[in-house]
C-alpha cells in the first residue's frame, strides 16, 4: 500500500483517455452512519478503522480509487457532532474543512434511524457551505429499513434544500445504498464520477491512501481497543508508535504506547494479569501482519496523560493539529 502526498500529475501517467475525470469527494455525516465502511468498500482494503462506537474516525482519511476513466479521491471525515472537548472540536473542524476542498459531497445518513438534530445540523451546514457543489444524499443501511419505509425516506428527503434554495446545476441527488452489503455502490459511484470535472490523475494509480504506514498501524491498535473495551474508556484512548524496526525481510518489531486519560483507566486497559492488553495486541498484530505481509513482534505499553482530549498542547503532540486552512477547490 503506497502513501504519497498529492502532487502535480506524474509524467508517466499524463496519458489519460479523453473525458477522464478526477477530483475530491468528501464523505460527510454524523458519527456511526457508515462513512468508513463505505470508503473501505470502494477501495477493497481497510484504510479507515471501523467500530460500533461513535467518533471512531478522528482524522481526515484519504482514499484513492483509480479506474481507466476516472480517479476518485475520497475524503473520509470524522462524524459531525456537538463537541464536548478540544478533541471533539478538532474532529468537527476537520470535517467542516473537507467541504470547500471537495468537488462532490456525499451526505451519508443512516435510514435505520429517524433523522435527528445532528442530521439537520449537517444539512444546514451543507446548504450554507456547499450551495455551489453537487451533493448526493446517500441513504445508507437501506437493508435494515423494515417499517415506516416511505415516511422514513421522506423525512430524510426533507433535509435537502427546496426552492428557492435549490438551484441548478447542483440539486441534491438521492441514492439508496447498503455499504456493508454493497447494494447500489456501483450506482453511487457512477453518480459521483458524473459530477467530477475532467482532469488528470493526481496520484500514482497504485496509491490507495496518503496515510503513513505508522498511522495506519496506530489506528488498527486503537480499533481493537475500541472493540474490546467498554464504557467511557475507549473514547479517551490515543495510540502512538514509538519504535519501528524492520529486523529482516520477514520480521518487523513495533512498539506502541496506548495513552489513557485517567489513572483508573490504566488497569482496565491492562486487565487482570495483563490479559486485556494481550487480547488487544493479538487482535491488532493479526491485522498488522496481513497489512505488512510479514511477521510482526508487537509490544504495547499503557501510560496516563491526564485529560489529554482537553489539552491543546497534548493534542498537537499526539497528531491532532489542524493544518493551515486552504482555499476551496471551487
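A short reminder: the numbers here are calculations on the coordinates, not readings from a lab. Bear in mind that the values here come from a model prediction, so they are computed numbers and not experimental data. No Cβ is skipped: glycine too gets one built from the backbone with ideal geometry, and neighbour counts run over all protein chains shown.
Of 312, 54, 68, the residue with the greatest mean-square motion in the GNM of the chain, using alpha carbon springs below 10 Å, is 68. The calculated FRET efficiency for residue 82 paired with residue 266, based on their beta-carbon distance and R0 = 30 Å, is about 0.55. The DSSP beta bridges internal to the stretch 212-317 are antiparallel in roughly 45% of cases. Ordering of 119-131, 23-35 by packing is 23-35, 119-131, highest average first (other Cβ atoms within 10 Å, averaged per residue).
From the square roots a ≥ b ≥ c of the eigenvalues of the alpha-carbon gyration tensor of the stretch 127-232, which class results: rounded (a/c under 1.5), prolate (a/b over b/c), or oblate? Please list the in-between numbers first.
Working: a/c = 2.03, a/b = 1.24, b/c = 1.64.
The shape class here is oblate.
Computed with the Debye formula from one identical point scatterer per Cα of the stretch 184-296, without solvent, the log10 of I(q)/I(0) at q = 0.11, 0.14 Å⁻¹ comes to -0.52, -0.72. Sorting 133, 266 by the number of Cβ atoms found within 10 Å of their own Cβ, with the fewest placed first, yields 266, 133. From the alpha carbon centroid of the stretch 169-214 to that of the stretch 26-72 is 10 Å.
Which order do 149, 305, 310 fall in if you start with the one that has the fewest other Cβ atoms within 10 Å? Walk me through the intermediate numbers first.
Details: 149 11, 305 18, 310 15.
The most exposed by this proxy come first: 149, 310, 305.
Given contacts defined as C-alpha pairs under 8 Å and at least six residues apart, what's the relative contact order of the stretch 212-317, whole-number percent?
Working: 152 pairs, mean separation 30.5, N = 106.
That works out to 29 percent.
Within the listed set 17, 100, 52, the residue fluctuating most in the Gaussian network model of the chain (springs between alpha-carbon atoms under 10 angstrom) is 17.
Which percentage, to the nearest 5, of the DSSP beta bridges contained in the chain is antiparallel? Spell out each step's value before the answer.
Values: 19 of 52 bridges.
In the chain, DSSP labels about 35 percent of beta bridges as antiparallel.
Comparing 107, 74, 84 in a Gaussian network model of the chain where C-alpha atoms under 10 Å apart are linked, the largest mean-square fluctuation is found at 84. Annotation: the residues 15, 89, sorted from fewest to most other C-beta atoms within 10 Å of their own C-beta, follow the order 15, 89. At q = 0.08, 0.10, 0.13 Å⁻¹, what base-10 log of I(q)/I(0) does the Debye formula yield for the chain when every alpha carbon is treated as an equal point scatterer in vacuo? One equal scatterer on each Cα of the chain leads to -0.40, -0.62, -1.03. Once the C-beta distance of residue 230 and residue 198 is scaled by a Förster radius of 35 Å, the resulting FRET efficiency is 0.10 to the nearest 0.05.
Extension gain, residue 154-residue 250: 0.36 nm per intervening residue step, less the Cα-Cα distance, totals 29.1 nm. Taking 0.36 nm per residue of separation and subtracting the current Cα-Cα distance, fully stretching the chain between residue 310 and residue 120 would add 65.7 nm.
Let me check against my output: what whole-number percent is the relative contact order of the chain, with C-alpha pairs under 8 Å and at least 6 apart? Before the final figure, lay out each step's value.
Working: 618 pairs, mean separation 69.4, N = 330.
After rounding, I find 21 percent.
Computed from Cα atoms, the angle from the helix 275-292 axis to the main principal axis of the chain rounds to 60 degrees. Each residue, residue 15 and residue 291, gets one label point 7 Å from its Cα in the Cβ direction; the gap between the two is 3.6 nm.
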